[in-house]
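Have a look at the structure below before the remarks.
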Amino acid sequence: MLQKKGTKIIIGIVGGVLLGLFTVIAIVYLFLLIFLYGGPPKVTKKVDAYEETMVKYTQCTDTGTVRTGFYVFPDSIPDSAFAQDTQPDFYYSYQDTWDDPTCEVYLKCKYSDEDYAAELQRIQNIEKSFEKETKRIMYDDSKRFQYPAYLTIDHHDYSYEYALDVGDSSIVYVYTAYKTSVHSLKKIPKEYLPSDFEESLSSGHGGYFDPGNYDIYEYPTDNPDAHSGERDFERN
């Protein structure tokens, strides 16, 4: 009888130790998950919350901020976009991951002919002035994109920001940050991504100092008076 009781006590002690160990591991794992990945992403799909959402994560430090000024995105969606047979489609995902936030932002609007022409002109004339130099939006009509593309960020710091003229008075706006594979994207259709999306964001291509990229927000590095390695995300 005493031997059975001793065995039960040992089993109870071992079980308690294992339970405590598993609890500690779970707490550490949860802490690392929150620290590195910021918990689940905050997602907005309501197009009527477009202006509020774009401002919220661009300017409010209490919610964390994106690393872009969203230059290609319109400040507001004109009424004509809501009068079309195809309604505006909006998706905003923000995850406060370690060091830099992980984001996926998508907007597609079909405009009236007048608003379409005005919006295209606005995009084509996007520029950012620094101390002694002005950087302009980069136009890309190569085979990388299926549609004429206007880029403010081209695979820099593992990010993309651009607008696509997809025809039929429609414009697509895209921003991705630290989404380095097609499968990691939840909303943006593959046809609106550059053909080298994954390759351009791989090691040696999409990093902050990797060659061949472009970022309108970064101070020009060939300017001796510029702040090399710094970026200005102030909204237009």
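Here, each number is a calculation from the coordinates, and none is a lab measurement. Predicted, not measured: the structure shown is a model, and the values here were computed from it.
How high is the relative contact order of region 40-215, in percent, counting Cα pairs under 8 Å that sit 6 or more residues apart?
With pairs under 8 Å counted, the relative contact order is 20 percent.
Rounded, prolate or oblate: pick one for region 40-215, where a ≥ b ≥ c are the square roots of the eigenvalues of its C-alpha gyration tensor, a/c under 1.5 means rounded, and failing that, prolate if a/b is larger than b/c, else oblate.
It comes out rounded by the Cα gyration axes.
Using the Karplus curve 6.51 cos²θ - 1.76 cosθ + 1.60 with θ = phi - 60°, what ³J(HN,Hα) values do you get for each residue of region 158-173, in whole Hz, with x for Gly and Pro?
Those phi angles translate into 6, 9, 9, 8, 6, 10, 10, 8, 8, x, 6, 6, 10, 10, 10, 10 Hz.
Give me the extension gain from VAL166 to HIS183: residue separation times 0.36 nm, minus the current Cα-Cα distance, reported in nm with one decimal.
3.9 nm
Cut-off under 20 Å on the C-alpha distance; same-chain residues fewer than 8 positions from LYS143 excluded. Which lysines are left, in chain and number order?
LYS190
Any lysines with Cα under 19 Å of the LYS56 Cα? List them, leaving off those in the same chain fewer than 8 positions away.
Within the straight-line limit of under 19 Å, LYS56 reaches these lysines: LYS42, LYS45, LYS46.
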